[in-house]
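Computed from the coordinates by the stated procedures, all read-outs in this text should not be read as laboratory data. The structure displayed is predicted, hence computed values, not measured ones. When we count neighbours, we look across all protein chains shown, and the Cβ atoms used for this are built from the backbone with ideal geometry, even at glycine.
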Amino acid sequence: MLTLISESAAQTNLALVTIDPGTIVFTLINTVIIVILFRIFLFKPVCNILEKRKEMAAAEIAEAQRAKESAAKTEQEYLERLATAKEEAAEIMKQATVRAQKREEEIVNEANQKAAEIRAKAEESIERDKQRALNEIKDEISDIVIMAASKVVEKEISAKDNEAIISGFLDSVGTAE
């Protein structure tokens, strides 16, 4: 192909490279028009798109920062609430322990009071039974004395009879117990 171009140039006696002022002016005008069109239709919209993209990225970064700060704040509040809840739980446990100890003391005191009442009633009952037994013994002794006196009245008493009556009386009192 090169041979074809060089043969056609040789036939026309024209040089391949020539400086033509009209072509230079036309090329410059075309270049200026292309630069203006490029600036209007391509550069400004691309810059606007890049600027919007930059603003969106900045907004997303700011939003992410706010979300991070909010998360940190929420975490701090959660930790504070957790600490407060632990303190409250410890206080509740302490109060429950104190109430349980008080209730235990009340139950022990009530049990001691009931035991004392039962003991007192038992002692009263024992005392009554003892008094009743003593009264019965006194009644029996009185009956025995009356019997002995009636026997004494029936007979004249000698020293031997007196000793026999006393020993019989003591024997009968000893078997009554």
* Structure fact -> Once the in-chain neighbours fewer than 8 apart are removed, the lysines whose Cα is under 29 Å from LYS94 read LYS86, LYS102
* Give the calculated FRET efficiency between GLN65 and ALA85 to the nearest 0.05, with a Förster radius of 22 Å applied to their Cβ-Cβ distance. => 0.15
* Segment ALA100-ILE165, length gained on full extension (0.36 nm per residue, minus Cα span) -> 16.2 nm
* To do: Under a cut-off of 26 Å between alpha-carbon atoms, report the lysines in cross-link reach of LYS160, not counting same-chain residues fewer than 8 places apart.
  => LYS151
* Asked: Once phi is turned into ³J(HN,Hα) by the Karplus curve 6.51 cos²θ - 1.76 cosθ + 1.60 with θ = phi - 60°, what whole-Hz value does each residue of the range 22-39 show in order, with x for glycine and proline?
  -> x, 5, 5, 5, 4, 5, 5, 4, 4, 5, 5, 4, 5, 5, 5, 4, 4, 5
* Asked: Which of the lysines could be linked to LYS52 by a straight reach, that is with a Cα gap under 22 Å, when you skip same-chain ones fewer than 8 residues away?
  -> LYS44
* Asked: Hey, if you put +1 on the Cβ of every Lys and Arg and -1 on every Asp and Glu Cβ in the range 18-176, which of ILE29, THR97, ALA59 ends up farthest toward the positive end of that dipole?
  -> ILE29
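Quick one: putting +1 on the C-beta of Lys and Arg, -1 on the C-beta of Asp and Glu, what dipole do you get for the range 18-176 around its Cα centre, in Debye to the nearest 20? Intermediate values should be presented prior to the final figure.
Details: 24 positive and 30 negative charges, 368 e Å.
Rounded to the nearest 20 debye, it is 1760 debye.
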* **Label-to-label distance, nm, for residues given as THR18 and SER142 (7 Å Cα→Cβ offset)** => 17.8
* Structure fact -> Computed over the range 18-176, the Cα gyration tensor eigenvalues, each multiplied by 5 and square-rooted, give semi-axes in Å (largest first) of 137, 9, 8
